[in-house]
Every structure is written in structure tokens, then in C-alpha cells.
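K.L.:
My questions will all concern the structure given below.
Nothing in this text is a laboratory measurement; each read-out follows from the coordinates by a stated rule. Everything numeric here is computed off the predicted structure, so don't read it as measured data. Because the Cβ atoms are built from the backbone with ideal geometry, glycine has one as well, and the counts that use them run over all protein chains shown.
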């Protein structure tokens, strides 16, 4: 309960700071919706994840909320936000004895960099750097989480792009922000991979078994 509350505070703080941070990069953002997004993300992460994993995810949440706003508004993921967050996540993971998380970040950066140099990939090098942060965070949860996070990001981005093109709001060559899809995919995978879901499933199984025997 305490960890959930702390993560909600981190998320709310990130949302409250988003207008000021985004303004530095020429993006106008209102605080209220981003406070709601940050608080909700913090709540589900705090509920789902093990306490030891939350340090890296707190860094990810704190920078992820303003990054989403900036990418939506300006189609960029500033190094001034991403690189310090990557460094902090790597340090926290190493101090916590999680070298696999750092390996996950390195693998994510490598894979995204290879994709970014392909013609019409749609990936920018801001996305590549963000992959380092999200890969480190998802690496705490295992290699499957890393793969699912990437898959969900591309599925989400593809669906949104298809809808925008179908409605005439975008063309094949229209640049679209991909960072929010990466962040959303990582969030979904983190929540579904966490201890909270496992505990809920266990409790649900007990309830069903009791009901069957009644």
C-alpha cells in the first residue's frame, strides 16, 4: 500500500511538472490531464510490481510523463530528459544487483538502432535512446517482458497510424510520435508481469474453487 502511494505521488508530481518541462521544448501542455495520467500509471505500477523493481520504474515514470507530452506536441524526445534517466536507471539496476536489466537496455538500444537506419522505419534516434530506458525497466521483469513491450509498442503505433490514414488525418509519409506507444506498451507489460496480477489470479482461483465446492 505504501509503495503504491509513493508511486502515485511520483506520477502526480511528474504530471504537475509536465507543463513547465514541456514549455522548455516549445510544447504547451495542461497539468490536469497529465497529473491524472501520471497518478493512474503510478497506482497500477505500485500495485503490480515488486518493491525492489519500483526504483527503476519510478525513474521511468518521472520522466515518461513529460516525454509523452513533448513527443505528442513536438515529435521529439529530448536528450536532456532521456539520457539522465537512462543513466539513473542503469545505476539503480546495477546497485540493486540486476545486470540483466542493463543487458535488456543494451539489447533494446541495439535493436531499435538497427531499425532506425532502415528506410521509412519511422523510428528516430530519440526513440532509440528511450528504448534504453524502457529496456532496462522491462529487463527487470525478464526477456519475455522485453519482447512483449516492443511488440505492443509496434502494434499500438501501427493501429493508430492505420486509423489516422483511413480517416485522412495522416499519409504514409506523415511523421507520427512513437514514444507514447513505447511508454504505453512498457506500462501494460509491467502491470501484467507484476506480482499484483499473480496474486489477483491466485486469489481468483481460490474463490472459484471455494464456489465450486459450495
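K.L.:
Could you work out how far helix 143-166 tilts from the main Cα principal axis of the chain, as a 0 to 90 degree angle to the nearest 10?
P.N.:
Between helix and principal axis, roughly 50 degrees.
K.L.:
Taking 8 Å as the Cα distance limit and 6 or more residues as the minimum spacing, I'd like the relative contact order of segment 1-101 as a percentage.
P.N.:
Working: 142 pairs, mean separation 30.4, N = 101.
Taking the mean separation of contacting Cα pairs over the length of segment 1-101, I get 30 percent.
K.L.:
Can you tell me, using C-alpha contacts under 8 Å and at least 6 residues apart, the relative contact order of the chain as a whole percent?
P.N.:
Across the chain, relative contact order equals 20 percent.
K.L.:
Could you tell me the distance between the Cα centroids of segment 10-65 and segment 138-192, to the nearest Å?
P.N.:
18
K.L.:
Do the sum for the chain: with -39,500 (n - 2.57) for every DSSP H run of n ≥ 4, divided by all residues, what is the mean residue ellipticity at 222 nm, to the nearest 500 deg cm²/dmol? Don't jump to the answer; show the numbers that get you there.
P.N.:
Numbers: 9 runs with 169 residues, N = 214.
Calculated at 222 nm, the ellipticity per residue is -27000 deg cm²/dmol.
K.L.:
So, one more: Dividing the Cα radius of gyration by the Kirkwood radius, what Rg/Rh value follows for segment 2-213?
P.N.:
1.00
K.L.:
Hey, another quick one. What order, most packed first, do the peptides 168-177, 100-109 have when packing is the mean number of other Cβ atoms within 10 Å of each residue? Walk me through the numbers on the way to the answer.
P.N.:
Values: 168-177: 11.4, 100-109: 20.6.
Answer by packing, highest mean first, reads 100-109, 168-177.
K.L.:
What nm value, rounded to one decimal, do you get for the distance between residue 20 and residue 125 when each label is placed 7 Å out toward the C-beta?
P.N.:
Distance between label points: 3.1 nm.
K.L.:
In degrees, nearest 10, range 0 to 90: what is the angle between the Cα axis of helix 2-23 and the longest Cα principal axis of the chain?
P.N.:
10
K.L.:
Could you identify which residue out of 160, 27, 59 has the top mean-square fluctuation in a GNM of the chain using Cα springs shorter than 10 Å?
P.N.:
160
K.L.:
Round to the nearest 10 and give me the degree value, 0 to 90, for the angle of helix 125-139's Cα axis relative to the longest principal axis of the chain.
P.N.:
That works out to roughly 10 degrees.
K.L.:
Find the all-direction average of the projected area of the Cα convex hull for segment 129-192, expressing the result in square nanometres with one decimal place.
P.N.:
Numbers: hull surface 17.7 nm².
So the Cα hull casts an average projection of 4.4 nm².
K.L.:
Shifting gears a bit: Just from the alpha-carbon atoms, what are the Rg and Dmax of segment 1-73 in angstroms?
P.N.:
Looking at segment 1-73, its Cα Rg and Dmax stand at 12.0, 38 Å.
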